[in-house]
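Novice: Mind having a look at this structure? Questions to follow.
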Amino acid sequence: MLTDKVQINMINFEEKIRKEVMESIDLSVDVSDEEIQKLIRSKIIELAKIQPISLTDRKKVEGHVFNSLRKLDVLEDLLKDEEITEIMINGPKNIFVEKNGRVEKSKEQFSSEEKLNDVIQSIVASTNKIVNESNPIVDTRLSDGSRINIVLPPAAVDYSILSIRKFPKEQMTMERLKSYGSISDEQIELLKKLVISGYNIFVSGGTGSGKTSFLNALGEFIPTDERVITIEDSAELQLKNVENIVRLEARNANLEGNNEITIRDLLKSSLRMRPDRIVVGECRGAEALEMLQAFNTGHDGSLSTGHSNSCKDMLSRLETMVLMGAEIPISAIRQQIASGIDIIVQLGRLRDKSRKLIEITEVLDLEQDEIKLNPLYRFKELEEVNGRIIGQWEKVGDLKRKDKLAASGLLT
């Protein structure tokens with residue numbers, strides 16, 4: 001465990017090496033990574049004669065300095081740590097990470113606010129996006145698919161803010177979710193039949209409940225001979241078993257406020273691409289209307305996600321989102337929802353930080369202008385052992401709309 005004084009000395013050592021390397025580089029020529037690393041090592045050896053450091057620390061300094069010059073600085077080590085699932089940067093000196101569901105402060109720091117901003121600009125430039133004082137909020141992704149949200153001053157009061165939801169190295173599958181205790185065999189079998197049969201499924205849950213991962217897992221049940229179009233703010237879905245796939249991604253407006261491509265635009269365009277299924281990564285605004293229309297125009301088996309605390313709340317949120325884009329009577333919106341969405345899967349993150357499937361609910365027809373819900377499965381907490389929640393899934397109802405199951409030959 002490093003003391004504060006030793007850590008400060010290490011930071012100062014790194015800064016001296018970084019400065020000397022920068023002064024030694026000829027910016028008029030292209031310098032290879034190998035030449036940079038060789039130069040860093042020689043500078044470390046020279047300075048270590050005056051300020052001795054261990055071999056382990058030398059390697060750490062070498063990696064940090066190289067990453068700061070050629071990569072994403074201290075982010076590189078955090079991104080390589082497979083135990084870290086989320087990185088939250090609140091300015092150059094305050095970096096928090098999520099490991100195994102727990103948030104803790106990292107010892108890593110950027111050398112300055114300028115260095116943090118340089119890294120931010122490097123990230124957005126790699127995806128042809130722009131972030132500045134005039135456009136201080138942007139969503140983008142890294143080359144590995146990790147989701148990034150950036151907020152700069154003046155929207156961020158103190159420092160530039162960077163939030164990274166890391167992209168899993170392996171595609172999420174139902175078997176992996178089962179191994180985590182997030183779902184049972186019985187529910188997997190039901191969802192498999194529903195996806196194959198073309199039921200429109202909406203995945204609901206709070207922040208960090210695993211909606212995108214669950215959507216990826218559902219994707220493994222999509223028949224390989226179907227044409228699927230995915231629509232996202234930042235492309236992160238992995239539907240590797242689908243051959244005929246088209247991935248569409250939204251784009252922010254440029255500095256002049258032009259050339260924006262919204263989820264609504266992509267949804268409208270997707271209907272002219274002859275899709276069998278449409279997968280909307282996340283529905284969060286006025287695009288809900290186009291999504292429901294797509295679900296209602298023969299694209300059976302379409303999927304999407306949204307933020308909500310319960311299945312019933314999700315219906316209310318969808319109503320609100322549709323009203324953001326058009327003035328439509330509530331009764332008409334509810335009819336669109338009832339006829340477009342067949343199943344809502346509610347996910348949750350419990351107090352022990354575990355992620356669970358909380359409920360599977362069937363969406364039925366309107367009854368006295370209210371959408372009727374038919375819960376099929378619910379998670380019931382039984383006890384808490386050593387801080388871990390123990391529970392089981394209870395079957396509380398039977399599927400009533402079985403026409404699609406019958407048409408696909410899966411009705412038993």
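Novice: Can you name every residue in segment 153-168 that is closer than 12 Å to LEU116 by Cβ, assigned to a loop (DSSP other than H, G, I, E, B) and open to solvent by less than 40 Å² (accessible area, probe 1.4 Å)?
Specialist: Once the filter is applied, which keeps residues that are closer than 12 Å to LEU116 by Cβ, assigned to a loop (DSSP other than H, G, I, E, B) and open to solvent by less than 40 Å² (accessible area, probe 1.4 Å), segment 153-168 yields ALA156, SER160.
Novice: Tell me the residue from SER339, SER304, SER331 that is of a type in the set (S, T, N, Q), at negative phi, out of contact with any His (no Cβ under 7 Å at 6 or more places or on another chain) and part of a strand (DSSP E or B), please.
Specialist: SER304
Novice: Provide a single number: the residues in segment 121-164 that are modelled with pLDDT under 85, in contact with a Ser or Thr (Cβ under 6 Å, 6 or more places away or on another chain) and hydroxyl-bearing (Ser, Thr, Tyr).
Specialist: 1
Novice: A further question on this structure: Suppose we keep only residues that are in a strand (DSSP E or B) and of a type in the set (S, T, N, Q) within segment 342-371. Which one would you say is farthest from the chain's Cα centre (by Cα)?
Specialist: The qualifying residue farthest from the chain's Cα centre (by Cα) is THR361.
Novice: Name every residue in segment 273-301 that is open to solvent by 10 Å² or more (accessible area, probe 1.4 Å), assigned to a helix (DSSP H, G or I) and of a type in the set (A, V, I, L, M, F, W, C), in order of residue number.
Specialist: Of everything in segment 273-301, just one residue is open to solvent by 10 Å² or more (accessible area, probe 1.4 Å), assigned to a helix (DSSP H, G or I) and of a type in the set (A, V, I, L, M, F, W, C), namely LEU289.
Novice: Can I ask one more? Applying the selection to segment 183-192, what residues are buried (at least 21 other Cβ atoms within 10 Å of the Cβ) and either closer than 25 Å to LEU79 by Cα or in contact with a helix residue (DSSP H, G or I) (Cβ under 6 Å, 6 or more places away or on another chain) (or both)?
Specialist: Matches in segment 183-192: ILE183 only.
Novice: Out of MET314, MET321, report the one residue that is at pLDDT 90 or above and in contact with a Phe, Trp or Tyr (Cβ under 9 Å, 6 or more places away or on another chain).
Specialist: Exactly one of MET314, MET321 is at pLDDT 90 or above and in contact with a Phe, Trp or Tyr (Cβ under 9 Å, 6 or more places away or on another chain), namely MET314.
Novice: In this structure, does ILE120 turn out to be within 25 Å of PHE13 (Cα to Cα), touching a strand residue (DSSP E or B) at 6+ places or on another chain (Cβ under 7 Å) and in a helix (DSSP H, G or I)?
Specialist: The answer is yes for ILE120.
Novice: Moving on. What residue, of SER179, SER184, SER143, is among the hydroxyl-bearing types (Ser, Thr, Tyr) and free of Cβ contacts under 8 Å to residues at least 12 places away in the same chain?
Specialist: SER179
Novice: Which residues, taken from segment 138-152, are more than 18 Å from ILE95 (Cβ to Cβ) and part of a loop (DSSP other than H, G, I, E, B)?
Specialist: SER143, ASP144, GLY145
Novice: Mind counting the residues in segment 75-103 that are in a strand (DSSP E or B), aliphatic (A, V, I, L, M) and either open to solvent by less than 10 Å² (accessible area, probe 1.4 Å) or in contact (Cβ under 8 Å) with a residue 60 or more places away in the chain (or both)?
Specialist: Residues in segment 75-103 being in a strand (DSSP E or B), aliphatic (A, V, I, L, M) and either open to solvent by less than 10 Å² (accessible area, probe 1.4 Å) or in contact (Cβ under 8 Å) with a residue 60 or more places away in the chain (or both): 6 in total.
Novice: Can you tell me how many residues within segment 354-378 are open to solvent by 30 Å² or more (accessible area, probe 1.4 Å), modelled with pLDDT under 95 and under 27 Å from LYS99 (Cβ atoms)?
Specialist: Of the residues in that region, 1 qualify.
Novice: For segment 104-118, enumerate the residues that are surrounded by 16 or more Cβ atoms within 10 Å (Cβ to Cβ) and farther than 16 Å from LYS166 by Cβ.
Specialist: GLN109, PHE110, SER111, LYS115, LEU116, ASN117
Novice: Restricting to segment 317-330, what's the tally of residues that are farther than 22 Å from TYR377 by Cβ, open to solvent by 60 Å² or more (accessible area, probe 1.4 Å) and either of a type outside the set (Val, Ile, Thr) or touching a strand residue (DSSP E or B) at 6+ places or on another chain (Cβ under 7 Å) (or both)?
Specialist: Looking only at that region, the number is 4.
Novice: When segment 379-392 is examined, which residues are found to be over 23 Å from LEU315 (Cα atoms) and open to solvent by 50 Å² or more (accessible area, probe 1.4 Å)?
Specialist: Of everything in segment 379-392, those that are over 23 Å from LEU315 (Cα atoms) and open to solvent by 50 Å² or more (accessible area, probe 1.4 Å) turn out to be GLU381, LEU382, GLU383, GLU384, VAL385, ASN386, ARG388, ILE390, GLN392.
The values are calculated or read from the model by the stated rules, or taken from the named source; none is laboratory data. These numbers come from a predicted model, not from an experiment. When we count neighbours, we look across all protein chains shown, and the Cβ atoms used for this are built from the backbone with ideal geometry, even at glycine. Just the protein is used for accessible areas: all its heavy atoms, side chains included, with ligands, DNA and RNA removed. Shrake-Rupley method; radii C 1.70, N 1.55, O 1.52, S 1.80 Å.
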